[in-house]
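Bear in mind these aren't lab numbers, they're just calculated from the coordinates by the rules spelled out. These numbers were taken from a predicted model, which means no experiment stands behind them. With ideal geometry, Cβ positions are generated from the backbone for all residues, glycine too; neighbour counts draw on all protein chains shown.
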Amino acid sequence: MTADADEADADEEADTETAGSGAKPVAGRPGLLGRRRARRRVSTSQRRRRSSALVLALGLLATGVLWTLLAPGGNAASASDSNEAVRQGRALYLQGCSTCHGLGAQGSSTGPSLIGVGAAAVDFQVSTGRMPLAAPAAQADRKAPIYSDTQIAQLAAYIDSLGGGPEIPKVDDTALDDAALSKGGELYRANCAQCHQAVAQGAPLTYGKFAPSLDGSTATQIIEAMRTGPESMPVFGDRQINEEDAVAVAAYVRHLTDAPSPGGFSLGKYGPVPEGLLAILVGIGGLLAVCLWIGARQKR
Ligand code: HEC
Ligand code: HEC
């Protein structure tokens with residue numbers, strides 16, 4: 001090493017020392033060395049100033065980007081969206097439902113309280129046309145819905161805002177296609193068939209009530225019915241039938257009601273009894289008629 005390089009080294013050390021300790025530069029070393037050091041100190045402090053400005057700018061930029069990406073912007077928009085839905089839903093509710101369910105959905109003599117029934121109950125009742133009820137009856141019938149999907153969502157948002165409750169289930173087609181039909185069938189026969197019958201065509205219950213046919217029910221409505229238990233139907237909660245199994249039941253019901261009848265005339269899918277009856281009446285009855293006809297011809 002040359003003396004010059006040594007000097008430079010020493011210089012470097014001194015510099016890092018000052019930078020490290022943050023203390024004032026060591027004063028008083030005279031001559032060429034001192035000037036060189038001074039020049040170098042100026043350039044490093046300039047560089048340092050420039051780089052800290054750059055870091056500051058980058059930091060600000062990153063904060064700005066992160067703010068726009070993550071921070072309240074999006075949430076604020078969706079929160080005000082849902083507030084708007086609740087507001088619209090309340091207006092629809094006051095107009096179409098409050099006469100029976102009360103101004104604050106607390107219930108009245110003509111309709112039960114809706115606090116805590118959840119968005120699922122509203123979506124089920126209104127999308128199947130059961131609500132708004134036209135007049136008191138033993139049981140609300142399925143009808144064409146009078147509210148649009150958007151309005152139903154707004155009504156549901158309003159009722160949900162009053163006290164929570166079961167959410168509207170989200171079922172996608174792939175989940176339905178992939179569902180285990182055999183498991184769904186097992187659960188259906190164990191839990192639903194006693195009222196809705198083996199092939200979901202429905203049947204009368206007591207006191208003018210009836211378990212309706214499930215022909216027109218969508219998968220969403222089937223799960224909503226399980227979760228909310230309309231009228232005399234029991235509630236099937238998450239613990240009895242979990243989410244995956246509920247989708248399997250829905251898939252099975254859709255399969256039952258959509259499946260073609262490879263055997264031809266399905267006779268309303270009432271099962272072996274009407275089929276046997278038809279065989280006796282038409283089949284044996286027909287044979288008897290033919291026999292009688294032959295007998296009558298031979299007498300002559
Ligand atoms: C003429 C009176 C009447 C009107 C109007 C009416 N309802 Fe009902 N509602 C009832 C009665 C009675 C029941 C209970 C009997 C039943 O479920 O069939 C009921 C039940 C319900 C339920 C089920 C509650 C539960 O415990 O699961 C929901 C949800 C509901 N109504 C929502 C509505 C909404 C939303 C509207 C307005 C679009 C509306 N109703 C309009 C009388 C009414
Ligand atoms: C105790 C009898 C009973 C049992 C058990 C029962 N239901 Fe129901 N279900 C009913 C009645 C009654 C209604 C009609 C409710 C109304 O009109 O408000 C109904 C309505 C429904 C509807 C609505 C159909 C429509 O017209 O839109 C569906 C879907 C449904 N049930 C599915 C099921 C499934 C799935 C199960 C089994 C997990 C089940 N039910 C078990 C009695 C029953």
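For every residue, the table says whether it meets (1) within 9 Å of ligand 2 (Cβ to nearest atom); (2) more than 27 Å from residue 245 (Cβ to Cβ).
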{"site": "120", "(1), (2)": "no, no"}
{"site": "130", "(1), (2)": "yes, no"}
{"site": "147", "(1), (2)": "no, yes"}
{"site": "172", "(1), (2)": "no, no"}
{"site": "178", "(1), (2)": "no, no"}
{"site": "183", "(1), (2)": "no, no"}
{"site": "194", "(1), (2)": "yes, no"}
{"site": "212", "(1), (2)": "yes, no"}
{"site": "218", "(1), (2)": "yes, no"}
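If you filter the range 208-225 down to residues that are of a type outside the set (A, V, I, L, M, F, W, C) and under 10 Å from residue 139 (Cα atoms), you find that the one that is surrounded by the most Cβ atoms within 10 Å (Cβ to Cβ) is 209.
Inside the range 91-127, residues that are within 21 Å of residue 139 (Cβ to Cβ) and assigned to a helix (DSSP H, G or I) make up a count of 13. Applying the condition of being over 14 Å from residue 152 (Cβ atoms) and of a type in the set (A, V, I, L, M) to the range 92-113 and asking which residue is surrounded by the fewest Cβ atoms within 10 Å (Cβ to Cβ) yields 103. Taken together, 172, 160 contain a single residue that is farther than 16 Å from residue 216 by Cβ, in contact (Cβ under 8 Å) with a residue 12 or more places away in the chain and of a type in the set (Asp, Glu), which is 160.
In the condition set (1) within 15 Å of ligand 1 (Cβ to nearest atom); (2) surrounded by 15 or more Cβ atoms within 10 Å (Cβ to Cβ); (3) not acidic (Asp, Glu), residue 237 is compliant with all but (2). Of all residues in the range 205-242, exactly one satisfies the criterion of being without any contact (Cβ under 8 Å) to a residue 40 or more places away in the chain and among the acidic types (Asp, Glu), namely 238. Could you please let me know if residue 136 is in a loop (DSSP other than H, G, I, E, B) and over 22 Å from residue 223 (Cα atoms)? Judged against the criteria, residue 136 is a match.
Among residues that are near ligand 1 (Cβ under 9 Å from one of its atoms) and out of contact with any Gly (no Cβ under 9 Å at 6 or more places or on another chain), residue 93 is included. Select from the range 231-246 the residues that are under 19 Å from the mean Cα position of the chain (by Cα) and acidic (Asp, Glu) and list them in ascending order. Matches in the range 231-246: 238, 243, 244, 245. Those helices (runs of 4 or more DSSP H) of the range 143-213 in which 1 or more residues are away from ligand 1 (no atom under 16 Å from the Cβ) occupy 173-178, 181-191, 193-196.
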